[in-house]
Amino acid sequence: MSMPYLPNPNRYAHIPYERCGRSGLKLPRLSLGLWHNFGGVDVFENGRTMCRAAFDMGITHFDLANNYGPPPGSAEENFGKIMDLDLGPHRDELVISTKAGYHMWDGPYGEWGSRKYMLSSLDQSLERMGLEYVDIFYSHRPDPDTPLEETMGALATAVHGGKALYAGVSNYPADMTREAHAMLDDMGVPLLIHQPRYNLLDREVEPELLPALTELGIGCIPFSPLAQGQLTPRYLKSIPADSRAASDSIFLDADSVKANHSKIVALAEIAEQRGQTLAQMALTWVLRQPAVTTVLIGASSVEQIEENVACASAAGFSDDELKAIDAACA
Ligand SMILES: NC(=O)c1ccc[n+]([C@@H]2O[C@H](COP(=O)([O-])OP(=O)(O)OC[C@H]3O[C@@H](n4cnc5c(N)ncnc54)[C@H](OP(=O)(O)O)[C@@H]3O)[C@@H](O)[C@H]2O)c1
């Protein structure tokens with residue numbers, strides 16, 4: 001029989017914890033997402049080792065969604081196994097999130113934002129993970145057809161019923177976020193957090209969303225802070241066989257990697273001058289925003305997580321460095 005997992009007793013000494021918006025919940029400055037590399041097609045023991053190592057480094061927040069895999073649902077099933085095998089005794093030290101919004105099952109009730117879909121999806125997620133509740137339940141994307149009141153009402157029901165402790169939205173534009181915040185407020189449920197895409201190559205959130213989050217006291221957890229691995233040396237020379245761009249994933253392709261090549265070369269030089277790796281600099285750059293509570297990284301190895309966590313203690317940027325970074329990205 002294998003030995004039970006005993007976490008690192010010094011795990012809370014590595015990463016600062018930041019209050020999420022104006023809530024009482026603190027999140028680690030780096031969080032781990034299970035979108036890629038934790039599905040049924042992946043090596044289970046690798047995902048398990050990454051979750052244990054992340055927790056050992058002080059990462060208390062694990063982010064999932066109903067559809068993560070592939071196949072859809074399998075990342076939640078695997079995370080449930082990891083809870084059973086290793087992390088279960090530490091449930092009260094963990095913030096586990098899931099989402100509903102993208103296609104999950106056939107028929108008219110298997111995606112978007114109806115109450116029917118949102119609440120049955122949450123029940124399915126809890127079943128797959130073997131959990132009584134998640135810490136954060138998100139609307140994964142805005143639904144152009146369902147009234148926003150209905151989707152927010154489903155989040156509020158999840159919270160009032162104890163199946164989620166907090167509510168979140170993801171991929172919502174600024175104006176809809178303001179509306180969602182006001183509606184949830186009326187239902188007695190604060191909007192805890194927003195999960196948008198934000199990285200050196202995609203700054204769409206800067207003019208409107210980030211100021212709105214600060215004003216309303218909503219936390220922010222940017223996803224794909226490394227542009228899915230492009231903001232690392234991973235693709236500088238070629239497209240490695242074990243990388244996301246070479247995999248069956250439809251979300252990152254070789255053309256996009258090639259198009260960004262010269263920017264990555266220039267950014268890597270600035271990172272080197274700062275004494276950081278490119279990945280660390282890209283994460284430090286996202287974390288420099290006062291609106292940002294935590295960066296949501298993905299990983300395919302423990303080494304990547306270790307390298308990324310080291311950015312938690314990095315120095316801030318000088319004005320000259322920020323200008324050079326902007327020029328490299330232009
Ligand atoms: N709400 C949404 O709509 C949404 C959308 C996307 C993602 N997310 C969430 O955000 C999480 C993170 O997204 P993401 O995976 O795109 O984030 P990311 O951090 O931008 O990319 C992660 C990938 O970068 C590579 N990487 C990470 N650290 C590295 C390092 N130090 N050196 C070299 N390569 C490194 C790895 O690629 P390889 O696998 O190729 O090694 C890893 O899988 C997801 O797991 C999910 O929880 C949410």
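The values are calculated or read from the model by the stated rules, or taken from the named source; none is laboratory data. The model shown is predicted, which means the values in this text are computed figures rather than measured ones. All Cβ positions, glycine included, derive from the backbone under ideal geometry; neighbour counts span all protein chains shown.
Say we look at region 251-267 and pick out the residues that are under 18 Å from D202 (Cβ atoms) and aliphatic (A, V, I, L, M); which of these is nearest to the ligand (Cβ to nearest atom)?
Restricting attention to region 251-267, the residues satisfying the condition of being under 18 Å from D202 (Cβ atoms) are 251-253, 255-264, 266-267.
Narrowing further to those that are aliphatic (A, V, I, L, M): 252, 257, 259, 264, 266-267.
Working: L252: 8, V257: 10, A259: 16, I264: 11, A266: 18, L267: 13 Å.
Of everything passing the filter in region 251-267, L252 is nearest to the ligand (Cβ to nearest atom).
Mind listing whichever residues of region 99-147 are small (G, A, S), farther than 23 Å from N78 by Cβ and out of contact with any strand residue (DSSP E or B) (no Cβ under 8 Å at 6 or more places or on another chain)?
First, the residues of region 99-147 that are small (G, A, S): 100-101, 107, 110, 113-114, 120-121, 125, 130, 139.
If we keep only those that are farther than 23 Å from N78 by Cβ too, we end up with 107, 113-114, 139.
Selection gives G107, S114.
Quick one: count up the residues across region 198-243 that are part of a strand (DSSP E or B) and crowded, with 18+ Cβ neighbours inside 10 Å. Before you say what the answer is, go through the steps one by one.
Pass one, region 198-243, residues part of a strand (DSSP E or B): 199, 202, 219-220, 223.
Checking the rest, the ones that are also crowded, with 18+ Cβ neighbours inside 10 Å come to 199, 219-220, 223.
So the count comes out to 4.
So D63 fits all but one of (1) within 14 Å of the ligand (Cβ to nearest atom); (2) free of Cβ contacts under 8 Å to residues at least 40 places away in the same chain; (3) not hydroxyl-bearing (S, T, Y); what number is the exception?
Of (1) within 14 Å of the ligand (Cβ to nearest atom); (2) free of Cβ contacts under 8 Å to residues at least 40 places away in the same chain; (3) not hydroxyl-bearing (S, T, Y), only one is false for D63: (2).
Condition check: touching a residue at least 40 places away in the same chain (Cβ under 8 Å) and not hydrophobic (A, V, I, L, M, F, W, C). Does P190 satisfy that? Show your work before the answer.
Working: touching a residue at least 40 places away in the same chain (Cβ under 8 Å): yes; not hydrophobic (A, V, I, L, M, F, W, C): yes.
Taking the combined requirement at face value, the residue satisfies it.
Considering each of R203, R197, R274 in turn, give the residue that is within 14 Å of the ligand (Cβ to nearest atom) and modelled with pLDDT of 95 or more. Lay out the reasoning, then the answer.
Working: R203 fails: within 14 Å of the ligand (Cβ to nearest atom); R274 fails: within 14 Å of the ligand (Cβ to nearest atom).
Answer to the selection: R197.
Does D56 fit the bill of being of a type outside the set (A, V, I, L, M), within 28 Å of R11 (Cα to Cα) and out of contact with any Phe, Trp or Tyr (no Cβ under 7 Å at 6 or more places or on another chain)? Spell out the reasoning first.
Numbers: of a type outside the set (A, V, I, L, M): yes; within 28 Å of R11 (Cα to Cα): yes; out of contact with any Phe, Trp or Tyr (no Cβ under 7 Å at 6 or more places or on another chain): yes.
Answer is yes for this residue.
For residues in region 140-176 being among the β-branched types (V, I, T) and surrounded by 23 or more Cβ atoms within 10 Å (Cβ to Cβ), which is farthest from L25 (Cα to Cα)?
Start the filter on region 140-176 by keeping residues that are among the β-branched types (V, I, T), which leaves 146, 151, 157, 159, 169.
Filter once more, so that each one left must be surrounded by 23 or more Cβ atoms within 10 Å (Cβ to Cβ): 151, 169.
Details: T151: 23, V169: 16 Å.
Result: T151.
Out of (1) touching a residue at least 40 places away in the same chain (Cβ under 8 Å); (2) of a type outside the set (A, V, I, L, M); (3) surrounded by 18 or more Cβ atoms within 10 Å (Cβ to Cβ), what's the single condition that is false for Y117?
Here Y117 clears every test but (1).
What about A182, is it more than 22 Å from the chain's Cα centre (by Cα), more than 9 Å from the ligand (Cβ to nearest atom), surrounded by fewer than 20 Cβ atoms within 10 Å (Cβ to Cβ) and more than 30 Å from Q280 (Cβ to Cβ)? Give the steps one after another, and end with the answer.
Working: more than 22 Å from the chain's Cα centre (by Cα): yes; more than 9 Å from the ligand (Cβ to nearest atom): yes; surrounded by fewer than 20 Cβ atoms within 10 Å (Cβ to Cβ): yes; more than 30 Å from Q280 (Cβ to Cβ): yes.
So A182 passes the test.
So which residues in region 133-163 are within 16 Å of the ligand (Cβ to nearest atom) and among the small types (G, A, S)?
Matches in region 133-163: S139 only.
Can you pull out the residues in region 254-263 that are surrounded by 14 or more Cβ atoms within 10 Å (Cβ to Cβ) and not β-branched (V, I, T)?
Going through region 254-263, the residues surrounded by 14 or more Cβ atoms within 10 Å (Cβ to Cβ) turn out to be 256-257, 260, 263.
Correct list: S256, N260, K263.
Quick check on my filter: what residues within region 267-303 are part of a helix (DSSP H, G or I), touching a residue at least 40 places away in the same chain (Cβ under 8 Å) and small (G, A, S)?
Residues satisfying the conditions are A279, A282.
Residue-by-condition table, conditions (1) more than 14 Å from the chain's Cα centre (by Cα); (2) crowded, with 21+ Cβ neighbours inside 10 Å; (3) within 22 Å of L283 (Cα to Cα); (4) not hydrophobic (A, V, I, L, M, F, W, C):
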position	(1), (2), (3), (4)
M3	yes, no, no, no
R22	yes, no, no, yes
R29	no, yes, yes, yes
L34	no, yes, yes, no
V41	yes, no, no, no
E45	yes, no, no, yes
L64	no, yes, yes, no
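Consider E111 carefully, then state whether it is buried (at least 22 other Cβ atoms within 10 Å of the Cβ), within 14 Å of the ligand (Cβ to nearest atom) and not hydrophobic (A, V, I, L, M, F, W, C).
Working: buried (at least 22 other Cβ atoms within 10 Å of the Cβ): no; within 14 Å of the ligand (Cβ to nearest atom): yes; not hydrophobic (A, V, I, L, M, F, W, C): yes.
When the stated conditions are applied, E111 does not pass them.
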